[in-house]
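K.L.:
Mind having a look at this structure? Questions to follow.
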Amino acid sequence: MPESKVPLKEVSRDGAINQMVQIARLEGIPTAWDRFQSQQPQCKFGWTGVCCRLCHMGPCRITPRASQGICGANADTITARNLLREIAAGTAAHSDHGRALAKTLKLVSRGQGGRYQIADPERLREVARVFEIKTDGREDLAIASDVADLFLAQFSWSEEPNSTLKLAPKKRQGVWKRLEMEPEGVDREVVELLHRTNMGVDHDYRHLILAGLKCSVADGWVGPMVATLVSDILFGTPKPVRSRVNLGVLSAEKVNILVHGHEPTLSEMLAMASQDEELIAYAREKGATGINLAGICCTANEILMRHGLPIAGNFLQQELAILTGAVEMMIVDVQCVMPSLPQVMRCFHTKLVSTSDIAHMHEVDRIKFDVHKGYQQACDLIRAAIDNFPNRDKDRVRIPKESMDIVAGFSNETIFHMLGGRFRSTFRPLNDAIIDGRIRGVAAIVGCTNPKIKVDDSHVRLAIELIKHNVLVLETGCAAIACAKAGLLVPEAALELAGPTLREVCEAVGIPPVLHMGSCVDNSRLLLAATNILNEGGLGQDLSDLPAAGAAPEWMSEKAVAIGHYFVASGLYVVLGHPLYVEGSENVNQLLTKEMEGITGGRFEWEPDPEEAARKMLEHIEKKRDALGINKKRERKLYDMKERRELE
Ligand code: SF4
Ligand code: MSK
């Protein structure tokens, strides 16, 4: 069981975080790091997954003296059941997000969506065509209605496997069929995991873990896939935008409003309302020079990608943002919002407003978000934040100076256009660069930050090591924010840090060596990027053939557990910076980290050291290159169509 080696004075590689944590300590305001210390030593039964409280004969725990719980469940059954409940919770969270967006699309299609509209009709038609929904001669709203119905149907039970699975490569669909891993509705899969793990149902750890993988497929390839596709239709498909990131984006002169959480619906309206001339004039009346809307966590990633709005920080910066004394309002929705926020808020003038029906906080203002009134609600919130500006205690404002440039918004559609140049949209140049070895492979770095680990450090060191070895890195969520703060998400980073051949490609296309692909539901974009590479040809038939690997070096959420599993179920190699809670069962541990490769083609690896993680990922990438036969020394050359077919 690893123990934190983070000295109290230096909890992060980010100076802005260290500075604010010190200020919190001096003022006696507890933060996540203080509570982390007060939790030491953390429970070893929890760490290793061998504590069970699934029935009220328990709680039971496995010890050298007691190898079974009261019902007879052993360490294998207990760890596997606990893991499945995490996968179910992660899938539920992502998928509820997807469902909420599909419901908004339905309302828009009925003309009941207030100021929401179809921002990207071309994307709507593209998506409709993929799912064989008729588009010719039809109005956008009629198509949107059918798309929304199809997406909403993905959540409940159906006799057929989920329709969105067809976005996966054909061969992978075949693997899922053979393994009976095709989900038949997201809700059904979540319910089944809760049923199977109920006392006295499924006791075979292998059977349990395979069911967990099936549910995770419903996560990656269904719920978040719906979320991403609908967000693009309603709010626009992201295109590269420049912005800034870190606490230094907060303004000493403007009204600072932070959005935090995951669902982009209200934040879209806030982005629009923050440009309203009347509201800006009102802010001036109150003594501010304007309105500064920024974000934390994944809502931040959403408004960054589509509006170029700045990001104040990632997961562990939510308390610290309030501690700057410069935030008039923090508007939160769902997921990754710490229950400690009201406690920090009460030490400052900041107003905290919760906006989701399912996420209340004691003694915190809340609004009942209504799609139809979304714009008006956004205006009202901004007005209330402006009214709070005169309450700011200027003597307690301490905004760290750190902020960094970022270029974000690399959707698959953008990558297609950028790589293909003006006349042709294609992934071909990327595939050619991988085949001839200028790019060794592709790595995804995703996930959260965690006080167990020096914040951002593993994300950044892992990314630097990979790009140095000519691996193109794709990122989402808090991982993307961590690397952005370190200056890796700008094209100039390729000149300084990328290996010579990756640098050449990045310079030719004008992209950073680390690409921001969105929020954590947008890990679906990573799955689609891998599928696009495969479909372009020359790199095998299945995702498990690709010279690709994934990592979540500082993860913390149950959602990350579900994400890790759907990558593995998709045939990918996934390195986690700290293990899942399964080490109390040698069998479960072996299954996930070794035997799984023979089942799905993917597997987990636990590796806390980021350079060692990079080495293992590179080794995996080279193994895949060898298997594809693209590591043979050859002249660099352009492939014609016939040669590409032969390679396939
Ligand atoms: Fe104990 Fe079995 Fe009940 Fe778990 S399900 S708490 S192991 S008796
Ligand atoms: S916000 S799930 S801390 S990535 Fe998506 Fe960040 Fe992890 Fe939440």
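K.L.:
Could you calculate the FRET efficiency of D393 with E507 from 1/(1 + (r/R0)^6), where r is the beta carbon distance between them and R0 is 56 Å, rounded to 0.05?
P.N.:
After rounding, the FRET efficiency stands at 0.70.
K.L.:
Charges on Cβ only, +1 for Lys and Arg, -1 for Asp and Glu, centred on the Cα centroid of the chain; of Q343, L250, V460, which one is farthest towards the dipole's positive end?
P.N.:
Checking the options against the dipole of the chain, the answer is V460.
K.L.:
Let me ask something else about it. Applying the Karplus parametrisation 6.51 cos²θ - 1.76 cosθ + 1.60 with θ = phi - 60° to the phi angles of the stretch 397-413, what ³J(HN,Hα) value in whole Hz is obtained for each residue in order, glycine and proline being reported as x?
P.N.:
Per residue, the Karplus-derived 3J(HN,Hα) values read 7, 9, 8, x, 7, 5, 7, 9, 6, 9, 10, 10, x, 8, 6, 4, 5 Hz.
K.L.:
Another question about this same structure. Rank Q154, G441, G564 by how far each Cα sits towards the positive end of the charge dipole of the chain (+1 on Lys, Arg Cβ; -1 on Asp, Glu Cβ) and give me just the farthest.
P.N.:
The residue sitting farthest along the positive end of the dipole is G441.
K.L.:
Sticking with this one: Can you list the trypsin sites (Lys or Arg not before Pro) in the stretch 579-631 that are in a DSSP coil and have 12 or fewer other beta carbons within 10 angstrom?
P.N.:
Taking the stretch 579-631 and a limit of 12 other Cβ atoms within 10 Å, the loop trypsin sites (Lys or Arg not before Pro) found are K594.
K.L.:
Explain nothing, just the number: dipole magnitude of the stretch 465-623 about its Cα centre with +1 on each Lys and Arg Cβ and -1 on each Asp and Glu Cβ, in debye rounded to the nearest 20.
P.N.:
Computed charge dipole of the stretch 465-623: roughly 260 debye.
K.L.:
Give me the percent of accessible area attributable to carbon and sulfur for the stretch 252-396, probe 1.4 angstrom.
P.N.:
48 percent
K.L.:
Within the stretch 291-327, whose backbone N sits under 12 Å from a point 7 Å along Cα→Cβ of I367?
P.N.:
Of the residues in the stretch 291-327, none has backbone N under 12 Å from the label point off I367.
K.L.:
Please label the shape of the stretch 1-159 as rounded, prolate or oblate, based on the square roots a ≥ b ≥ c of the eigenvalues of the alpha-carbon gyration tensor (a/c under 1.5 means rounded; beyond that, a/b larger than b/c means prolate, else oblate).
P.N.:
It is oblate, given that a/c is not under 1.5 and a/b is not larger than b/c.
K.L.:
Counting only heavy atoms of protein chains, what accessible area per residue, in Å², does the stretch 126-218 have with a probe of 1.4 Å?
P.N.:
Values: 4510 Å² over 93 residues.
I get 49 Å² per residue for this part.
K.L.:
Which order, highest average first, do 102-110, 283-291 follow once you tally other Cβ atoms within 10 Å for each residue and take the mean per peptide?
P.N.:
On the way: 102-110: 20.2, 283-291: 16.7.
By packing density, highest mean first, the sequence is 102-110, 283-291.
K.L.:
Can you tell me how the stretch 423-628 classifies by the Cα gyration tensor, rounded, prolate or oblate, using a/c under 1.5 as the rounded cut?
P.N.:
Since a/c reaches 1.5 but b/c is at least a/b, the shape of the stretch 423-628 is classed as oblate.
K.L.:
Between the stretch 350-383 and the stretch 11-62, what is the separation of their alpha carbon centroids in Å?
P.N.:
30 Å
K.L.:
Continuing with the same structure: Pop out the ³J(HN,Hα) list for the stretch 341-358 in order, Karplus 6.51 cos²θ - 1.76 cosθ + 1.60 with θ = phi - 60°, rounded to Hz; leave Gly and Pro as x.
P.N.:
For the stretch 341-358, the Karplus-derived couplings read 4, x, 4, 6, 4, 5, 7, 9, 7, 4, 9, 10, 10, 9, 10, 9, 4, 9 Hz, x marking Gly and Pro.
K.L.:
If you stretched the chain out fully between Q37 and E612, how much longer would it get, using 0.36 nm times the residue separation minus the C-alpha to C-alpha distance?
P.N.:
Values: separation 575, 0.36 × 575 = 207.00 nm, distance 2.70 nm.
Gain on extension, Q37 to E612, equals 204.3 nm.
K.L.:
All other residues with a Cβ under 12 Å from the Cβ of E126 taken together, and with Lys, Arg as +1 and Asp, Glu as -1, what is their net charge?
P.N.:
Local charge sum for E126: -1.
K.L.:
Can you give the Rg/Rh ratio of the stretch 252-396, where Rg is from the C-alpha atoms and Rh is the Kirkwood radius?
P.N.:
That ratio is 0.92, to two decimals.
K.L.:
Further question on the same structure: Which of the GluC sites (Glu not before Pro) found in the stretch 361-425 are in a DSSP loop and have at most 15 neighbouring Cβ atoms, other than their own, within 10 Å?
P.N.:
Values: sites: E363, E402, E413; in loops: E363, E402.
Passing sites in the stretch 361-425 are E363.
K.L.:
Further question: Which whole number in µm²/s is D for the stretch 114-189 by Stokes-Einstein, with the Kirkwood Rh taken over Cα pairs at 37 °C and 0.692 mPa s? Each step should come with its number before you reach the end.
P.N.:
On the way: Rh = 13.9 Å.
Here the translational diffusion coefficient equals 236 µm²/s.
K.L.:
Another question, then. Roughly speaking, to the nearest percent, how much of the stretch 423-628's 1.4 Å accessible area is carbon and sulfur?
P.N.:
Heavy-atom surface of the stretch 423-628 belonging to carbon and sulfur, 1.4 Å probe: 51 percent.
K.L.:
Right, something else. Determine the shape class of the chain: with a ≥ b ≥ c the square roots of the Cα gyration tensor eigenvalues, call it rounded for a/c under 1.5, and otherwise prolate if a/b is greater than b/c, oblate otherwise.
P.N.:
Here the chain falls in the rounded category.
K.L.:
Same structure again: Skipping prolines and chain starts, which residues have an amide H placed within reach, meaning under 5 Å, of the one on K351, given they are 5 or more residues away or on another chain?
P.N.:
Answer set, sorted by chain and number: M329, M330.
K.L.:
Here's something else I'd like to know. When ligands, DNA and RNA are left out and all protein chains stay put, how many square angstrom of accessible area per residue does the stretch 252-396 have with a 1.4 Å probe? Working shown, then result.
P.N.:
Numbers: 5110 Å² over 145 residues.
Per residue, the stretch 252-396 has 35 Å² of solvent-accessible surface.
K.L.:
Which value in deg cm²/dmol, rounded to the nearest 500, describes the helix-derived mean residue ellipticity at 222 nm for the chain, given -39,500 (n - 2.57) per DSSP H run of n ≥ 4 and division by the residue count?
P.N.:
Taken over the chain, the calculation gives -14000 deg cm²/dmol.
K.L.:
Can you work out ³J(HN,Hα) from phi for every residue in the stretch 197-214, in order, using Karplus 6.51 cos²θ - 1.76 cosθ + 1.60 and θ = phi - 60°, giving whole Hz and x for Gly and Pro?
P.N.:
These are the phi-based 3J(HN,Hα) values: 8, 5, 3, x, 10, 8, 10, 8, 4, 5, 4, 5, 5, 5, 5, x, 5, 4 Hz.
K.L.:
Ok, one more. Rounded to the nearest 20 Debye, what is the dipole magnitude of the stretch 252-396 about its Cα centre when Lys and Arg each give +1 and Asp and Glu each give -1 at the C-beta?
P.N.:
260 debye
K.L.:
Further question: Relative to the Cα centre, what is the charge dipole magnitude of the stretch 216-296, using +1 at the beta carbon of each Lys and Arg, -1 at the beta carbon of each Asp and Glu, and rounding to the nearest 20 debye?
P.N.:
Using Cβ point charges on Lys, Arg, Asp and Glu, the stretch 216-296 gives about 340 debye.
K.L.:
Mind checking the stretch 154-192 for chymotrypsin sites (Phe, Trp or Tyr not before Pro) that DSSP puts in a loop (not H, G, I, E or B) and that have at most 11 other Cβ atoms within 10 Å?
P.N.:
Filter output for the stretch 154-192: empty list.
K.L.:
Select from V11, L179, V217 the residue farthest towards the positive end of the dipole of the chain; place +1 on Cβ of Lys and Arg, -1 on Cβ of Asp and Glu, and compute about the Cα centre.
P.N.:
Of the candidates, V11 comes out farthest on the positive side.
The values are calculated or read from the model by the stated rules, or taken from the named source; none is laboratory data. Keep in mind it's a predicted model, so treat the numbers as computed, not measured. Cβ atoms come from the backbone with ideal geometry, glycine included; neighbour counts cover every protein chain shown. Ligands, DNA and RNA are stripped out before the accessible areas are found, and what is left, the full protein with its side chains, is counted by its heavy atoms. Shrake-Rupley method; radii C 1.70, N 1.55, O 1.52, S 1.80 Å.
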